[in-house]
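Below you'll find the structure, written out as structure tokens, and then a few comments.
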Amino acid sequence: MAASLTDTHGIIAIAAAVAAVVALIGCVILAVSLRRLRRAQTVVLGAAGQQDVVAHAAAVQAALRQVQEEVRAGGQRLDARLAQIERDLRGVISHRALVRYDAYNELSGRQSMSIALLDEERSGIVLSCIHHRDQARVYGKQVREGRSELELSPEEAEAVHLAITGGAGEEQAASDGRTG
């Protein structure tokens with residue numbers, strides 16, 4: 001019996017050959033796609049990258065965790081530094097006011113003055129410089145929490161009040177009718 005292409009065995013052989021050619025073409029297409037994919041990986045991973053994309057992603061994630069930890073540690077150091085700076089600034093002069101006046105009503109041009117220098121807790125000093133034609137006197141009084149241990153003159157009390165409220169000392173003294 002001679003085998004022909006038209007009998008059952010021949011048709012199966014032709015079908016198998018066609019399937020093999022289709023499979024071979026599919027393998028060639030997959031090989032070309034794999035080559036393109038590896039070329040693209042080389043662009044992403046670099047020429048020395050002998051790892052696949054999953055290993056690269058794991059390495060990037062580990063590096064990101066390390067960066068996050070360094071940022072967290074840096075933030076904690078900055079918080080500690082800021083807390084120390086805030087503690088240091090509590091005693092710094094943060095409120096001040098200057099009141100000028102004519103102490104002896106002799107039209108000397110408001111040469112006398114009282115200045116309040118207070119910290120955030122409204123504590124500090126009030127300095128008064130009283131000028132006369134031939135002499136000048138300087139007085140200092142300590143202030144704690146907005147109050148003096150000694151009685152304040154009206155100008156000193158005004159300087160403390162303006163320092164605490166943030167008012168403008170010289171403009172306030174001029175508008176109160178004090179002239180020099």
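The values are calculated or read from the model by the stated rules, or taken from the named source; none is laboratory data. Here the structure is a predicted model, which is why all the values come from computation and not from measurement. Because the Cβ atoms are built from the backbone with ideal geometry, glycine has one as well, and the counts that use them run over all protein chains shown. Protein only, heavy atoms only, side chains kept; ligands, DNA and RNA dropped before computing areas. Shrake-Rupley method; radii C 1.70, N 1.55, O 1.52, S 1.80 Å.
Observations
Residue by residue, here is whether (1) hydrophobic (A, V, I, L, M, F, W, C); (2) open to solvent by 60 Å² or more (accessible area, probe 1.4 Å); (3) part of a helix (DSSP H, G or I); (4) modelled with pLDDT of 95 or more holds:
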| site | (1), (2), (3), (4) |
| --- | --- |
| Val22 | yes, yes, yes, yes |
| Arg35 | no, yes, yes, no |
| Arg39 | no, yes, yes, no |
| Gln51 | no, yes, no, no |
| Gln61 | no, yes, yes, no |
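- Residue selected from the stretch 113-150 under the condition open to solvent by 70 Å² or more (accessible area, probe 1.4 Å) and touching a helix residue (DSSP H, G or I) at 6+ places or on another chain (Cβ under 9 Å), by the criterion modelled with the highest pLDDT: Tyr139
- When restricted to residues that are modelled with pLDDT under 75 and surrounded by fewer than 12 Cβ atoms within 10 Å (Cβ to Cβ), the stretch 151-175 contains 2.
- Looking only at the stretch 80-97, and only at residues there that are open to solvent by 50 Å² or more (accessible area, probe 1.4 Å) and either outside any helix (DSSP H, G or I) or of a type in the set (Asp, Glu) (or both), the one that is farthest from Arg137 (Cα to Cα): Glu86
- Within the stretch 129-153, the set of residues being closer than 30 Å to Glu86 by Cα and either part of a strand (DSSP E or B) or free of Cβ contacts under 8 Å to residues at least 24 places away in the same chain (or both) comprises Gly140, Lys141, Gln142, Val143, Arg144, Arg147, Ser148, Glu149.
- Checking Arg110 against (1) outside any strand (DSSP E or B); (2) exposed (fewer than 12 other Cβ atoms within 10 Å of the Cβ); (3) not β-branched (Val, Ile, Thr), the condition it does not meet: (2)
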